[in-house]
1. Leaving ligands, DNA and RNA out of it, rank ASP487, ASP245 by accessible area with a 1.4 Å probe, largest first.
2. Would you list, by chain and number, the aspartates and glutamates whose Cα falls below 16 Å from the Cα of LYS440, excluding same-chain residues fewer than 8 positions away?
3. Tell me which chymotrypsin sites (Phe, Trp or Tyr not before Pro) from segment 440-475 have a DSSP coil assignment and no more than 14 other beta carbons within 10 Å of their own.
4. Probe radius 1.4 Å, ligands and nucleic acids left out: which of LEU30, LEU40 has the largest accessible area, and how do the rest follow?
5. For the pair ARG404/ASP272, report the inter-label distance in nm, with labels modelled 7 Å from Cα in the Cβ direction.
6. Under 19 Å from a point 7 Å along the Cα-to-Cβ line of LEU412: which residues of segment 425-442 have their amide N that close?
7. Computed from the mean reciprocal separation of all distinct C-alpha pairs, what Kirkwood hydrodynamic radius does segment 365-514 have, in Å?
8. Under 15 Å Cα-Cα from LYS147, which aspartates and glutamates qualify once same-chain neighbours fewer than 8 residues away are excluded?
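The values are calculated or read from the model by the stated rules, or taken from the named source; none is laboratory data. Values in this document were obtained by computation on a predicted structure and should not be read as measured data. Every residue, glycine among them, receives a Cβ derived from its backbone with ideal geometry; neighbour counts consider all protein chains shown. For accessibility, only protein heavy atoms count, side chains too; no ligands or nucleic acids. Shrake-Rupley method; radii C 1.70, N 1.55, O 1.52, S 1.80 Å.
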Amino acid sequence: MRKNGGFTLQERIPYEWKLAFYSAFIIGLLTHLYIFVHRLPNHDGLLNIYSSQAKVTSGRFFLSAASGLSTYFDLPWVIGLLSILFLALAAICIVSLFEVKKKISIVLISGIVVTFPSVTATFSYMFTADGYMMGTFFAILAVVLTKKYRFGFIIGAILLCLGVGIYQANLSVTMAFITLWLIHDILLRKTTTKELGMNVLRSGLMLGIGMVAYLVVYKIYTKYLEVSITSYQGLDKVGTVTFEDFPDIFDQIGQDLKTFFFDGFVNQTQVDFFEWLNVLLCITLIIATVTVLLIKKVYKNIVQLLVLVLLILSLSISFYVVYFLSPEAIYHILMVFSLCVVYIYLVLLYDAVDVRNPMIVERFISWSTVVLLTLTIYNFGLIANIAYFNMELKFERSIHLANRILDRVEQLDDYEDAKMIHVVGRYQMETDLSSNIIPKKTPKMIGSTGEHIVIYTAHFQKMFEHFLGYKLEFLTPEELEVFNERDEIKEMGTWPSQDSVRVIGDVLVIKMAE
């Protein structure tokens, strides 16, 4: 519809963008709706029902502002919708970055983005998910701006700084998409060597300026707030990696890649549908890459062919770049969203082939890609809901355990004297479903796996206060050190024995283990 000779906003938005947005939003809601409409906190969520997410000591200086968009309450429906919004915008960025045209390609990319297991793992930490998804969107948008505009690397650097300021693993996201962009240009766009060099330069400037800005902002925050970096994930050891560490790092990267894609095969555990799909993915990728290399005649430019090989090999560094920053860094599934570029790479190869070509190999690439990635997205959705199912089981076990303990407490003659709480030991629980069956059916889903969420004193305290209405305070570290030496505690039995719950002075003591 035209107005005054112009176009409406809707007409100005490319069809590909709208398709990417709607596809991502619909698939995202269908996949994750269950956790959006249920309260299923994990062990961290129990402690963050209301939290500012001020994580400056962890180097995440922008996380509080990003998470504040949905307030500092843990509101699953609001946070979920905002998260899907940011992921849908990220899908638009990917479609724009690679100029994807086929409708099926766009839907597949959107489906991969919103269902990838890292997204599911992040939703198990629902209280902070929208901030993390904003960071992912910023990390990809930074690459798009660097490609599309001459000086876009400047704005891209700012976005990278903010994205890494939300979560450091977003550096891997930006680097992986930069690498895939350069691979795409060599393999599918027949870029000139000069253009390739300029793109490498601008990308390098964006990364360099962005990370320097991150360090400067972080130094300002820590100086004025007088805080020091935490030892969590080796953050206090950043910059201490040496060349002697590189062989071990590459060994670890290789092990991580094999574990993610082929866990059942390499670790001799149960081989599930996820691993078989990834085997087929690798076969299809090899066939598709070789086919496109021959069709596009990339092999005629030796320089670009060598650069292409180096870029493909360097993807592993992009995926796990934090290993090169700290010797004590540990990658878990929340940090590997960048691995989704492996699946997106196959979509880009499919998008480049002509399905009308009578060559059997091109038809094979087309059909196998669509079928394989459709099944992969569906399987990602199943993995997500299995994870949420286990989270529900964990929460139910936890609240019923807390209720049983509180019932025991209220039977004590002196329970009204309790003003503080102290939990000794960690309760061990094992069921066949949560300890054996579910872990074999999903990748290692940190945050959603396990048997229960009441692990330490703080978890019991929050569960009692927020869900059962029984408020107690904490002992100070100094008080705790002295209190643990008391003979009364040593003489107590462990839960569920009759003497595993006692009031000592004004402290409720729950002994879960020796």
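1. On the way: ASP487 95, ASP245 50 Å².
Ranking ASP487, ASP245 by accessible area, largest first, yields ASP487, ASP245.
2. ASP263, ASP272, GLU275, GLU430, ASP432, GLU451
3. Numbers: sites: TYR456, PHE460, PHE464, PHE467, TYR470, PHE474; in loops: TYR456, TYR470.
Of the chymotrypsin sites (Phe, Trp or Tyr not before Pro), the ones in loops of segment 440-475 whose Cβ has at most 14 other Cβ atoms within 10 Å are TYR456.
4. Details: LEU30 135, LEU40 20 Å².
From most exposed to least exposed: LEU30, LEU40.
5. With each label placed 7 Å out from Cα toward Cβ, I get 2.7 nm.
6. 425-427
7. 17.7
8. Straight-distance partners of LYS147: GLU99, ASP185, GLU195.
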